[in-house]
Amino acid sequence: MSHPVAVSWDKPFWESAAQGRLVAQQCRDCGRLQHYPRPACIDCLSQSRDWIRLSGRGTVWSFSIVRQVADPAFAGEVPFALVDVELEEGLRITSRLDDTSVEIGDRVQVTMRAIATGLCLPYFERLPDAL
Amino acid sequence: MAEARPTAVIAGVGETTFARHSERADEEWIAEAIALALQDAGLRRNQVDGLVVATISVPDDSPHIAEHLGFELRYVMKADYGGASTLAGIARARAAIEAGLADVVVVAAGGNRIDLPTLSHDRRTPPWDYSLRNWLAPFGYAEPNGLFGIIQRRHMHDYGTTLEQLGKIAVTLRAHAQLNERALLREPMTIDDYISSRLIADPIRRADCVMRCAGGAAIVICADWVAQGLMKPPIYMRSYGERVNHQTRGPDHQRTETGFVALAEQIFCNDSRSDMDFAQLYDDYPIAVLLMLEDLGFAEKGKGGTFIDQTDISIGGGLPLNTGGGQLSIGQPSLAGGAIHVVEAVHQLRGEAGERQVNGASRGLVTGIGMLSYAGNLGMVCGAVLGTEAA
Ligand SMILES: [Zn+2]
């Protein structure tokens, strides 16, 4: 099983995730918003940053339905959708969604899921069509 | 008085047999490939003064790998660019030779992706790269299968690309493999076989995925004055270009677009697309080949499928593609998967491809691609036109 190992520049992400909040780095110098967390701003290389809470809502940009995994630890979880979600803030996040009837353009919402190490990972679930 | 700078040429190529199972480790395959390439070039081992090890699976640093193999050198490096490693490694070998840092450089790749996962960190559990380790692998992301599935589905959604079009690539390569005794997958394949093959990361099917195998390949690059006395004719790199991490900062992150868009003019600076007697395109997936055909300008963006429909990509056709069967039918012997395209190109240009020879081949395209960036496309792309004459 492959677990995230927190590093100096992504610790606040995992701390927020544990409290149910999806956050992203925002550069204090140029305003750049970025995900995944980086050691520095990808526009200006500043290391001065805030962590901004995201809405957690977005649309499915594309996905694959995973039926076979290389890592045997995940073999019992297939099939699932590996999704690229375009968040309302314009960021792209790769994640997972268990409902394999998902379609491109579906509205989705983040849901935090605890994993064995105590960290929480941002999964997604579909929002009802009415929303 | 300054001496004239040498031109670097490809003087030798070598491929081991490829194996579905093996007890030999990466460095043993690499050593065998080096010996074969030197034999092909007609050069002795003590003439080698540079080594490029194209690997991401041997964890040792490049001076140690060279020492394991007994090399005393003027130049050494590791090319750790995934599938782009060999071709980009050749470009570095060429640059080193033309800068006077070395005269004879071997670019070597290979490994055992099947039976010895614990001897290399090739098995990505846990992955060593941060973006994979923390942001993809914890989801069980199914490695490139899952990521290319995302890309292929979006391409099909946006442009109407069909399974029949992608299947034609796999089926044609399989037919080429029937003319290549080194290929591991030679049983005939039909479009129906392709479409009905088992889903791995839908829309990616079993027939889309390269089969990992064991093996090695190496290429000898040397200064033209060294090549003058050799039996086999030199092969020239008529152009070369590479891009690393295009679109990382956006704003329009087109995951269905490769870095070749910005690279095409550089690759075709001395030759036109219609001059290409063949194309050896890095084929870990048919969708990757289709994206390259679009982004290299053989087809408009989104029309790669139509291009495949309308073009005879078989040997004897308008654009013979992966004439040895490609990795999709030969197998992927670790990073030597990127080398087999170069080896095949050299055999074609020397006229020694036997039954699968493209008549009169004098110029051809070779590409390498590696690394899929988080929520993006390829991290590393490179391409070259190889030919029987200098540009
Ligand atoms: Zn900034």
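The values are calculated or read from the model by the stated rules, or taken from the named source; none is laboratory data. A quick note: this is a predicted structure, and the numbers were derived from the prediction, not measured. When we count neighbours, we look across all protein chains shown, and the Cβ atoms used for this are built from the backbone with ideal geometry, even at glycine. Surface accessibility is based on the protein's heavy atoms, side chains included, excluding ligands, DNA and RNA. Shrake-Rupley method; radii C 1.70, N 1.55, O 1.52, S 1.80 Å.
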Task: Largest-first ellipsoid semi-axes for the protein assembly as shown, taking √(5λ) over the Cα gyration tensor eigenvalues, angstrom - done: 39, 26, 22
Open item on the list: If each DSSP helix of 4+ residues adds -39,500 (n - 2.57) and the sum is divided by the residues in chain A, what number results at 222 nm, nearest 500 deg cm²/dmol?
Closed with: -1500 deg cm²/dmol
- [ ] List the extent of the Cα atoms of region A:5-131 along each of their three principal axes, largest first, rounded to whole Å.
- [x] 42, 35, 24
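Using mean Cβ contacts within 10 Å as the protection proxy, how do A:32-43, B:78-89 order, highest first?
Descending packing order for the listed peptides: B:78-89, A:32-43.
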- [ ] Return the aspartates and glutamates within reach of B:K168: Cα separation strictly under 17 angstrom, same-chain partners fewer than 8 residues apart disregarded; answer none if there are no such residues.
- [x] B:E187, B:D192, B:D193, B:D208, B:D283, B:D284, B:E294, B:D309, B:D312
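Mind pulling up the Rg/Rh value for chain B? Radius of gyration and Kirkwood radius, both on Cα.
Values: Rg = 19.6 Å, Rh = 20.7 Å.
Over the Cα atoms of chain B, Rg/Rh equals 0.94.
Quick one: order A:W14, B:W128, A:W9 from most to least accessible surface, probe 1.4 Å. All intermediate terms of the calculation are to be shown ahead of the outcome.
Working: A:W14 10, B:W128 85, A:W9 60 Å².
Ranked from most to least accessible, the order is B:W128, A:W9, A:W14.
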Open item on the list: Can you give the Rg/Rh ratio of region B:267-391, where Rg is from the C-alpha atoms and Rh is the Kirkwood radius?
Closed with: 0.94
TODO: Measure out, as a whole number of angstrom, how far apart the alpha-carbon centroids of region B:308-353 and region A:44-101 sit.
DONE: 35
Task: With Cα atoms, 0 to 90° folded angle of helix B:26-41 axis to chain B main axis - done: 60
- [ ] Working with all protein chains in place, sort B:W225, A:W61 by solvent-accessible area computed with a 1.4 Å probe, largest first.
- [x] B:W225, A:W61
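Could you work out, residue by residue across A:114-124, how many beta carbons of other chains sit within 10 Å of that residue's beta carbon, and then give the average as an integer? Display every interim value, and only then the final one.
On the way: counts 0, 2, 0, 1, 0, 2, 0, 4, 2, 1, 0.
Mean number of neighbouring Cβ atoms from other chains: 1.
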Open item on the list: At a 10 angstrom cut-off on C-beta neighbours, averaged per residue, how do the peptides B:29-39, B:101-111, A:80-90 rank from highest to lowest?
Closed with: B:101-111, B:29-39, A:80-90
TODO: Give the cross-link partners of B:K232 among the aspartates and glutamates, using a straight C-alpha distance below 13 Å as the criterion and excluding same-chain residues fewer than 8 apart.
DONE: B:D40, B:D224, B:E352
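Roll a 1.4 Å probe over the protein chains and send me the accessible area per residue for region B:191-281 in Å². Numbers along the way, then the final one.
On the way: 3760 Å² over 91 residues.
On a per-residue basis, region B:191-281 sits at 41 Å².
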- [ ] Let me have the 222 nm mean residue ellipticity of chain B computed from DSSP H runs of 4+ only, each contributing -39500 (n - 2.57), with the sum over all residues rounded to the nearest 500.
- [x] -9500 deg cm²/dmol
- [ ] For region A:9-53, state the average projected area of the convex hull of the C-alpha atoms over all orientations, rounded to one decimal in nm².
- [x] 2.6
Task: C-alpha center-to-center spacing [region B:248-294, region B:24-52] in angstrom - done: 31
